[in-house]
Amino acid sequence: MASPKLKNKEPASFEDAMRELDELVEGMESGDLALEQSLAAYQRGAYLVKFCQSQLTAVQTQIKIVEDDMAKPFDLSTGQSS
């Protein structure tokens with residue numbers, strides 16, 4: 001499960017974080033983890049949730065920027081947004 005080295009190791013991507021979260025949940029739901037392992041899994045899961053939330057927030061910001069840029073009127077005579 002989540003060793004001390006993995007506790008704050010940043011995942012390579014949002015998808016990797018989600019996969020790891022799924023694995024942690026499966027392990028915890030199985031009931032086969034010792035108390036310390038469950039605590040470590042919970043701590044790692046909390047870290048991964050924060051990581052995913054920050055990734056989603058960053059993407060939402062990028063989407064907003066793109067949408068705001070697309071909402072600008074387009075001048076056909078110059079070919080530019082105003």
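Going through segment 18-40 one residue at a time, which ones are crowded, with 17+ Cβ neighbours inside 10 Å, under 17 Å from the mean Cα position of the chain (by Cα) and aliphatic (A, V, I, L, M)? Matches in segment 18-40: L21, L24.
All of K5, K50 fail the test of being modelled with pLDDT of 95 or more and either part of a helix (DSSP H, G or I) or not aliphatic (A, V, I, L, M) (or both), apart from K50.
Among the candidates D32, D69, the residue that is in a helix (DSSP H, G or I) and out of contact with any helix residue (DSSP H, G or I) (no Cβ under 8 Å at 6 or more places or on another chain) is uniquely D69.
The values are calculated or read from the model by the stated rules, or taken from the named source; none is laboratory data. Remember, it's a predicted structure, so these values are computed and weren't measured experimentally. When we count neighbours, we look across all protein chains shown, and the Cβ atoms used for this are built from the backbone with ideal geometry, even at glycine.
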